[in-house]
Amino acid sequence: MSEPDGVTDVLVVGGGAIGLAIAYRIAAQGLSVRVVDRSGSRGASWVAAGMLAPVSEAMFGEADLTRLNLAGVLAFQSMANEIHERTGQPISVRADGTLTVAFDADDRAALDRLSEYRDSLGLSTTRLSGSQARTLEPFLARSVRGAVLAEDDLSVNNREWVAALRSAGELSGVDYVQGTITGLLRARGRVGGAISETGGTFRATHTVVAAGALSTDLLDIAVQPVKGQILRLAVPERLRASGGVLTRTIRGIVRGSEVYLVPREDGELVVGATVEQQGYDTSVTAGGIYGLLRDSYELLPISSEFRFVEAIAGSRPGTPDNGPIVGELEPGLIVATGHYRNGILLSALTASAVGDMVHGKPVAEEWHAFRPDRFNSSARGEQA
Ligand code: GLY
C-alpha cells in the first residue's frame, strides 16, 4: 500500500454500514475523509437482513435501546431519501410492517409476554389470532397460533444500502482504501491516525473506529462477536406472477427458537438468523442451515419450493447490554461500534452523532445511555 499524502480531517476504520454512513455524512459536511476497510464492505452489513424494526425487536429491559432505534428509523428514512437523490441508486425500503407469529401454545405465551412489555413502552402493535394472521399472509402454516402486527416496522435491502452509501461517499470525495489497520498513532496526547499491516500511515485529525466486531483488534472495549448465519432463497416466478408469497416481514417463535423471513422487492426471501457466541467465525454450518430451513418450513411450508440462492455468515458486534458504543474515547479518537442486531437501522443516526462529535457539538440526548465509559473502555495504540 502506498503512503497516503498529508493529513485527512477524518479517518474511518471500517467500511460497513456504520463506517460508510459516517464517512458520507462528514464528507458531505465538507471535511476530507478516508475509509480503510479490509473486506471491501463485505462484513456483517453485507450479510444482514436489513430489518428496520424497532417495535418487533424491542426486548425486555431495553427501553433506552428501543428509543434509540425509533430515532434510528427516522434518521434512516431521511438519509436514504437524501442518498437516493444524490446517487440515483436504488434503496428498496418496504413499509409493510412485521408480523410476529407464534407456532405453538408456549410460543404464544412468550409472544403475549413480549407484547405486554411492548405495550408498556407505548409501542403500536395489534394482536391477531392465527386465522387473522393467515388472512394477512395466506401462505402461513395452519399451525400458527397467534400473531402480533407491528405496522410501523420497515425493511431495506441492506446490500443496496451499502452500495448507495459508498457511491454517495465517492460523490462527496471520500477516499476508500482496502487494507487492515493494525494500530493507532498517538502524538502530543491525542490519537493522530492509524497504521496498516503493510506499514501504511494514515494521519488524521479525527480517527473513528467503526470496525464492528473487529474493533477489538484496536480497542479494549466490551464487544464480543456474535455469529449469525443467514440464507437467501428465491421465490419461483410462477408464485411471483400470481401475487407473491409474503407481503411483510415475518418473525416467528417456533418451539422457542426465533426465525425471521424478510421478503425483497426482487423476489428473494432472506431467512435468518442464528445467534452464536463462539468467537470470530464466519463459517456456514450444516446445523445452522438446517435450523433455519426447518423453522422457515414450519412457518411457511411453501418455502421448500424456493430456489436456494446463498448461505452466508457474519459476525455481529455484541455488547453486554446489546446497545452500541458510540463516543469519544480520548482526544482524536471516536468509537462507533457494538451495534449488534441494529447496525443497518442505526447507521444514519450514528453518522449524525459522530458528525456532531467531530464538529464539537453536543450529542443528541438519546445517545447518553450508550457512551463508551459505561463499560470502562480504553484504547490500545502506538506512539507516532
Ligand atoms: N437484526 C437481525 C439479526 O441480527 O439477526
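The values are calculated or read from the model by the stated rules, or taken from the named source; none is laboratory data. The structure displayed is predicted, hence computed values, not measured ones. Using ideal geometry, Cβ is built from the backbone for each residue, glycine included, and neighbour counts are taken over all protein chains shown.
Numbers below:
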read-out: Out of L74, L70, L52, sole residue that is under 30 Å from A110 (Cβ atoms) and either of a type in the set (K, R) or within 14 Å of the ligand (Cβ to nearest atom) (or both); value: L52
read-out: In the stretch 307-318, the residues that are touching a Phe, Trp or Tyr at 6+ places or on another chain (Cβ under 7 Å) and surrounded by fewer than 21 Cβ atoms within 10 Å (Cβ to Cβ); value: G318
read-out: So A351, is it away from the ligand (no atom under 16 Å from the Cβ), in a helix (DSSP H, G or I) and touching a residue at least 24 places away in the same chain (Cβ under 8 Å); value: yes
read-out: V235 within 24 Å of I22 (Cα to Cα) and touching an Asp or Glu at 6+ places or on another chain (Cβ under 8 Å); value: no
read-out: Subset of the stretch 317-347 that is β-branched (V, I, T) and assigned to a strand (DSSP E or B) - its residue that is nearest to the ligand (Cβ to nearest atom); value: T337
read-out: Members of the stretch 150-163 that are more than 14 Å from the chain's Cα centre (by Cα) and surrounded by fewer than 24 Cβ atoms within 10 Å (Cβ to Cβ); value: E151, D152, A163
read-out: Residue pairs meeting the criteria (Cβ under 6 Å; at least 6 apart or on separate chains; first in contact (Cβ under 8 Å) with a residue 24 or more places away in the chain, in the stretch 315-339; second among the acidic types (D, E)); value: I334/E328
read-out: Yes/no for R374 being charged (D, E, K, R), in a helix (DSSP H, G or I), within 30 Å of F139 (Cβ to Cβ) and more than 14 Å from the ligand (Cβ to nearest atom); value: no
read-out: Qualifying position, being within 16 Å of the ligand (Cβ to nearest atom), of a type outside the set (D, E, K, R), over 17 Å from the mean Cα position of the chain (by Cα) and not in a loop (DSSP other than H, G, I, E, B), among A311, A369; value: A311
read-out: Per-region count, the stretch 122-139, residues in contact (Cβ under 8 Å) with a residue 12 or more places away in the chain and either touching a Pro at 6+ places or on another chain (Cβ under 9 Å) or among the basic types (K, R) (or both); value: 3
read-out: Failed condition for L154, given (1) in contact (Cβ under 8 Å) with a residue 40 or more places away in the chain; (2) more than 16 Å from the ligand (Cβ to nearest atom); (3) of a type outside the set (D, E); value: (2)
read-out: All strands (runs of 3 or more DSSP E) inside the stretch 1-120 with 3 or more residues being closer than 30 Å to E197 by Cβ and within 17 Å of the chain's Cα centre (by Cα); value: none
read-out: Any hit, the stretch 358-373, residues being touching a Ser or Thr at 6+ places or on another chain (Cβ under 6 Å) and buried (at least 19 other Cβ atoms within 10 Å of the Cβ); value: no
read-out: Complete set of residues in the stretch 199-222 that are outside any strand (DSSP E or B) and modelled with pLDDT of 95 or more; value: A210, A211, G212, A213, L214, S215, T216, D217, L218, I221, A222
read-out: Residue in the stretch 82-102 that is more than 22 Å from A133 (Cα to Cα), away from the ligand (no atom under 16 Å from the Cβ), buried (at least 20 other Cβ atoms within 10 Å of the Cβ) and at pLDDT below 95 present; value: no
read-out: Residue within the stretch 176-196 that is of a type in the set (A, V, I, L, M), closer than 30 Å to L300 by Cβ and within 26 Å of the chain's Cα centre (by Cα) present; value: no
